[in-house]
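Written below as structure tokens is the structure these notes are about.
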Amino acid sequence: MKNILYFFLFIIPFFSFSQESIKLTYKAPKSAETKMYNALNDIILLSITTEDLNAKGKKFLLRKEEIINGKVKRNDSLLSCKTITRPIITGKDTLNYVVNACNSTQFFESLEKQEIIFGGKFINDSIKIIINYPGISIRSKLKADDSFVLMALQEEDKEGSFELTTGEEFPIIALTPPIKGNGYSSYCLIDNTEIKNFYTEYNIERYYVYYLTIK
């Protein structure tokens with residue numbers, strides 16, 4: 001009986017502290033000048049930020065899905081978390097440089113906030129995407145015309161923030177075109193909580209979803 005009691009005394013605190021809620025906010029350009037500049041240069045921007053001290057030292061890992069006609073056609077972990085050792089020769093000595101790209105996604109203790117900036121520039125029928133962390137940048141090129149926007153997928157509270165649980169994956173941003181009807185198009189009518197149903201509900205044939213895991 002004592003052994004069972006000791007087990008629960010150990011396991012309850014473990015589960016209590018192994019998962020935490022992290023408060024985040026979305027940040028988009030607000031000034032008229034910035035919006036005009038971005039529009040004239042075919043640029044879109046959306047950021048995720050946090051100043052939550054519980055996020056310090058944690059990694060912010062992203063995954064991307066490309067969804068075509070309602071089916072996931074491509075699933076990408078944007079960074080490899082494999083530890084790589086690279087020998088560097090300096091004179092007569094050889095130094096081993098150990099690197100893990102995922103470590104560069106963490107909220108460093110020296111920073112006041114963690115900010116991940118999603119930026120895109122449309123070029124012909126594609127978009128050049130840069131995802132910028134304080135410690136690393138990720139670049140890619142996706143098929144998308146200039147009707148696509150970066151859409152926030154988490155619902156914000158009255159204070160303009162939202163919470164994510166550590167160790168779990170959440171849809172965070174979509175790159176999507178608008179709903180198109182008879183002579184109109186709209187982003188506002190898209191229910192961003194039903195990201196898997198964009199094709200069946202809105203006939204959006206191609207879009208991209210970014211997922212975030214904090215751990």
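Ranked by the mean number of other Cβ atoms within 10 Å per residue, highest first, peptides 161-174, 134-147 order as 161-174, 134-147. Based on Cα contacts under 8 Å between residues 6+ apart, segment 21-214 shows a relative contact order of 25 percent. Cysteine residues of the chain whose Cβ has no partner cysteine Cβ closer than 4.7 Å: 188. Taking the helices alone, the chain has a mean residue ellipticity at 222 nm of -4500 deg cm²/dmol, built from -39,500 (n - 2.57) per DSSP H run of at least 4 residues and averaged over all its residues.
Cross-link partners of residue 56 among lysines, defined as those whose alpha carbon lies under 17 angstrom from its own and excluding same-chain residues fewer than eight positions apart: 23, 113, 215. For residue 71, the lysines whose Cα falls under 27 Å of its own Cα, not counting residues fewer than eight places away in the same chain, are 121, 128, 141, 143, 180, 196. Ellipsoid semi-axes for segment 67-215, based on the Cα gyration tensor and the rule √(5λ), read 35, 19, 14 Å when sorted largest first. The 3J(HN,Hα) values that the Karplus relation (6.51, -1.76, 1.60; θ = phi - 60°) gives for segment 131-137 are, in residue order, 10, 10, 9, x, x, 6, 10 Hz. Gly and Pro appear as x.
Report the calculated FRET efficiency for residue 35 and residue 75 (r = Cβ-Cβ distance, R0 = 30 Å), to the nearest 0.05. FRET efficiency, residue 35 to residue 75: 0.35. Stretching the chain fully between residue 96 and residue 187 yields a gain of 27.7 nm (0.36 nm per residue, less the alpha carbon separation).
Any read-out appearing in this document is the output of simple, stated calculations on the displayed coordinates, not a laboratory observation. Keep in mind it's a predicted model, so treat the numbers as computed, not measured. Note: ideal-geometry Cβ built from the backbone for every residue, glycine included; neighbour counts use all protein chains shown.
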